[in-house]
Amino acid sequence: MKFLYLGTPSYVQEYLQVKGDLTFTSSKLDPSLFKKFDWIISYGYTNILTKEHIDAAKNPIINLHISYLPFNRGFSPNYWSWVKQTPKGVTIHQIDEGLDTGPIYIQKEVDFSGNETLSSSYLILKLEIEKLFIQNFDKIIIGNIKPYKQVGGGSYQAKKDLPKNIDWNEYVSELI
């Protein structure tokens with residue numbers, strides 16, 4: 001199988017290298033390149049995929065998002081889950097034409113003690129999404145896990161919404 005992995009290096013990338021032929025990039029790509037791959041996985045990819053990208057893919061594009069969708073779509077979801085006091089968790093979903101609005105394959109709520117920092121809670125969520133993906137990827141691609149529509153309005157934050165002076169080592173209990 002041929003995989004295109006969009007985003008940042010992770011255990012997901014290492015896992016996919018074992019599963020098949022892997023191409024990795026964090027760069028913006030022409031949609032015509034998507035036709036070359038059986039599966040496309042996005043994780044920490046900061047470029048927006050267009051309808052042309054989605055339509056060119058052989059299979060649904062899978063996105064790994066460190067929020068409990070529909071809450072905290074968009075940029076820096078870990079930060080916003082603490083500030084807005086929304087559920088914390090991770091979600092594997094299909095990419096559609098919206099931003100983190102596609103049907104959900106699987107998600108997991110993650111409980112925290114409140115003694116974490118923004119950095120440590122991010123690392124916990126990162127590990128949780130990577131484990132969830134590795135445990136469920138085969139089930140997703142053979143169709144044993146069916147995606148379902150997101151329910152509820154949720155929330156969205158853009159990069160421009162993020163304050164400039166965040167202390168990522170601040171305890172999350174101070175944000176609540």
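Readers should treat all values here as calculations from the given coordinates under stated rules, not as data from a laboratory. Everything quoted here is computed from the prediction, not taken from an experiment. A quick note on method: Cβ atoms are made from the backbone with ideal geometry, for glycine too, and the neighbour counts reach across all protein chains shown.
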Short version: ³J(HN,Hα) in whole Hz for each residue of region 27-44, in order, from phi by Karplus 6.51 cos²θ - 1.76 cosθ + 1.60 (θ = phi - 60°), x for Gly and Pro, what are they? 7, 6, 10, 6, x, 4, 5, 5, 5, 7, 10, 6, 9, 10, 10, 10, 8, x
Mind scanning Lys28/Lys146; Lys2/Lys108; Lys84/Lys131; Lys2/Lys160; Lys35/Lys84 and naming the pairs with a C-alpha gap bigger than 32 Å? Lys2/Lys160; Lys35/Lys84
Cα axis of helix 118-141 to longest principal axis of the chain: angle in degrees, 0 to 90, nearest 10? 30 degrees
Size of electric dipole in the chain: Cβ of Lys, Arg +1 and of Asp, Glu -1, about Cα centre, debye, nearest 20: 400 debye
Which of the peptides 144-156, 50-62 is most tightly packed, and how do the rest follow, going by the mean number of other Cβ atoms within 10 Å of each residue? 50-62, 144-156
Rounded, prolate or oblate: which fits region 2-174, taking a ≥ b ≥ c as square roots of the Cα gyration tensor eigenvalues, rounded meaning a/c under 1.5, else prolate when a/b beats b/c? prolate
Dipole of region 62-111, positive end: most advanced residue of Thr86, Gly98, Leu64 [Cβ charges, Cα centre]: Thr86
How would you order 11-23, 94-106 from highest to lowest mean count of nearby Cβ atoms within 10 Å? 94-106, 11-23
